[in-house]
Amino acid sequence: MFIVNPKACGGRSLKIWEKKIYPLLTKSNDLKFDYVFTEKPFDGFRLAMKGIEKGYRKLVSVGGDGTLNEIVNAILIQNFVEPTEIAVGSIGTGRGNDWRKTIGIPEDYNEAVNILKNEKYILQDVGKVRYIQNKKEKERFFINIAGMGFDAEVTYKANRKKERLATSLSYSINLVKTLFSYEPTIVNIIADGHIVYNNKALTLNIGICRYSGGGMMFTPNAIYNDGLFDLTVVDDISILKILANLRGLYNGSFIKNPSVKTFRAKTIDVYSQEKLYLEVDGESLGHSPFHFEILPQTLKVIVG
């Protein structure tokens with residue numbers, strides 16, 4: 001079952017589905033499928049849950065990383081079958097599609113459809129985070145990267161504006177704008193029961209995979225199935241230093257900067273003096289405190 005977000009990428013996703021992806025699928029005699037469209041936020045979750053109940057065991061996201069995240073949360077929350085009996089795939093039509101870069105799903109739609117037919121699978125780690133929203137504790141699964149502080153603020157602004165620019169460009173523009181308004185706060189981080197950071201931090205990223213923000217590598221050494229989070233923390237540094245190292249965000253070399261700290265852990269707790277906001281897989285959520293837990297090799301993924 002294909003779950004299509006027609007509003008992804010500023011509404012261009014529907015045209016991509018109708019003119020490129022759907023014709024490729026119908027040409028393939030050995031691929032039997034159904035499809036549904038999302039209409040509002042969290043429809044991906046609801047439609048995936050219904051599909052699993054009806055007996056679908058391969059769910060393919062057609063949209064951005066947010067649509068994929070909703071489908072993954074349905075797979076992990078449902079209680080009809082074991083989660084690993086359900087395979088998830090993705091054909092990216094959204095602004096981000098950063099997750100596929102690590103997993104090996106190509107941009108070319110014909111190649112992406114062929115990957116679905118080849119049925120090659122891996123088991124990937126999943127992250128689970130507890131956070132506060134509207135004064136209540138909530139929980140969310142994620143499969144790519146969680147960003148806090150400055151990163152979450154940039155993502156929130158990009159989501160709010162629903163920009164039609166390419167993600168790497170829109171993210172960079174919002175990054176520079178946010179540099180002049182964001183106020184860092186003191187952050188306390190506990191990794192696997194040990195205090196690893198207690199200082200004023202600009203941004204934090206906890207990754208299972210490597211890419212976010214349209215190709216930036218906040219966690220360049222992350223491995224999707226090693227049972228560990230990769231944590232990157234950037235101290236409260238000057239605007240000039242950030243702009244000077246902007247290129248390093250795209251090749252991962254910025255983690256060599258003395259102002260950047262990296263750690264690996266199975267569980268991570270984050271506390272902050274002021275509210276620290278969160279985004280996972282490009283979706284803006286609530287605020288601190290946070291508790292992160294890794295679930296090793298929990299998600300069955302169709303890969304290239």
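Observations on the model:
- Simple Cβ-charge dipole of the chain, Lys/Arg +1 and Asp/Glu -1, about Cα centre, in debye nearest 20: 760 debye
- Between the C-alpha center of region 80-147 and that of region 1-45 there is a gap of 16 Å.
- Backbone N within region 240-282 under 18 Å of label point (7 Å from Ser181 Cα along the Cβ vector): 275-279
- Measure of compaction for region 170-304 (Cα Rg per 2.2 N^0.38 Å): 1.04
- Solvent-accessible surface of the chain, taken per residue with a 1.4 Å probe and all protein chains present: 46 Å².
- Semi-axis lengths (Å, descending) of the ellipsoid that matches the C-alpha gyration tensor of region 1-96: 21, 16, 10
- Structural descriptor for region 28-74: relative contact order 42 percent, calculated from alpha carbon pairs under 8 angstrom and at least 6 residues apart.
- Computed over the chain, the Cα gyration tensor eigenvalues convert (square root of 5λ each) into semi-axes of 32, 21, 17 Å, ordered from largest to smallest.
- Leading residue at positive end of dipole, the chain (Cβ point charges), from Leu276, Phe2, Ile237: Phe2
- Summarising the strand pairing of the chain, around 80 percent of its internal DSSP beta bridges are antiparallel.
- Charged neighbours of Asn225, selected by a Cβ distance under 12 Å, balance to -1 (K, R count +1; D, E count -1).
- Mean Cα-pair separation over length for the chain, i.e. relative contact order, pairs under 8 Å, 6 or more apart, %: 22 percent
- Spin-label model distance (nm) - Ile239 vs Ser259, 7 Å beyond Cα toward Cβ: 1.3 nm
The values are calculated or read from the model by the stated rules, or taken from the named source; none is laboratory data. What you are looking at is a predicted structure, and each value in this text was computed from that prediction instead of being measured. For neighbour counting, all protein chains shown are included, and Cβ atoms are generated from backbone atoms with ideal geometry for every residue, glycine included. Surface accessibility is based on the protein's heavy atoms, side chains included, excluding ligands, DNA and RNA. Shrake-Rupley method; radii C 1.70, N 1.55, O 1.52, S 1.80 Å.
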